[in-house]
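Engineer: Sharing a structure with you now.
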Amino acid sequence: MRLNQNTLLLGKKVVLVPYTSEHVPRYHEWMKSEELQRLTASEPLTLEQEYAMQRSWQEDADKCTFIVLDAEKWQAQPGATEESCMVGDVNLFLTDLEDPTLGEIEVMIAAWDRRVGAGASLLAPVSSPLRGVTTLGLTKFEAKIGQGNEPSIRMFQKLHFEQVATSSVFQEVTLRLTVSESEHQWLLEQTSHVEEKPYRDGSAEPC
């Protein structure tokens, strides 16, 4: 989405940057994993298809994608490439034509030792796109998660999402967050330490 193409979100343990062509090779390697394909309900793509998908998502008005970087690695190693620091992605889809106030959010952690609490580290940065209630006019967010993906379910529950549906056909649960005034204030408090910085074609440098 063009809206976030110049936005970098800096948290304590993770950094969110726009998905660019620089990130495609690593992302493509991740998605060869049968486990990730299962957890994300994705089909394997060729590298050329992955580049085409990245270009499409960058131009689409209804998709907002951030790549998640390990902040400690990104900041501690001068000259480190973003590709070498990648650990996952965060997606926001605005695809419900009947309800323009609803956004669907997805989070994938592909290359981080889950024992170090990657989910907990993501809470504040993931909350940042949810502040789009003012920028995008969104007031509701949904996450559709495989029934067996307990870490992801727990992470969204910590973000005050509540389970609203279960699909036995797709083997997934739907969690929803309705952003009331109090929830909006809570999100702002959770993201108070997250810095928003300009990002220009991968030229943003570690601080």
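Engineer: Could you please give the count of residues in segment 117-168 that are of a type in the set (V, I, T) and modelled with pLDDT of 85 or more?
Structural biologist: Residues flagged as of a type in the set (V, I, T) and modelled with pLDDT of 85 or more within segment 117-168 amount to 5.
Engineer: Condition first: free of Cβ contacts under 8 Å to residues at least 40 places away in the same chain and not aromatic (F, W, Y). Can you find one or more residues in segment 63-73 that meet it?
Structural biologist: Yes, there is a match, as at least one residue in segment 63-73 is free of Cβ contacts under 8 Å to residues at least 40 places away in the same chain and not aromatic (F, W, Y).
Engineer: Moving on. Would you mention how many residues in segment 28-50 are at pLDDT 95 or above and hydroxyl-bearing (S, T, Y)?
Structural biologist: Residues flagged as at pLDDT 95 or above and hydroxyl-bearing (S, T, Y) within segment 28-50 amount to 1.
Engineer: Please determine, by comparing only the residues of segment 59-88 that are closer than 15 Å to Y27 by Cα and assigned to a helix (DSSP H, G or I), which one is most open to solvent (accessible area, probe 1.4 Å).
Structural biologist: By that ranking, first place goes to E83.
Engineer: From (1) out of contact with any Cys (no Cβ under 7 Å at 6 or more places or on another chain); (2) modelled with pLDDT under 90, pick out the condition that doesn't hold for L92.
Structural biologist: (1)
Engineer: Related question: With respect to E22, determine if the residue is out of contact with any Cys (no Cβ under 6 Å at 6 or more places or on another chain), open to solvent by 20 Å² or more (accessible area, probe 1.4 Å), among the acidic types (D, E) and not in a helix (DSSP H, G or I).
Structural biologist: So E22 does not fit the description; no.
Engineer: Still on this structure, I have one more. Quick check on this structure: which one of D99, D70 is farther than 28 Å from Q147 by Cβ, at pLDDT 85 or above and acidic (D, E)?
Structural biologist: D70
The values are calculated or read from the model by the stated rules, or taken from the named source; none is laboratory data. None of the values given here were measured: they were computed from a predicted structure. Every residue, glycine as well, gets a Cβ built from its backbone with ideal geometry; the counts of neighbours run over all protein chains shown. Surface areas here come from the heavy atoms of the whole protein model, side chains and all, with no ligands, DNA or RNA. Shrake-Rupley method; radii C 1.70, N 1.55, O 1.52, S 1.80 Å.
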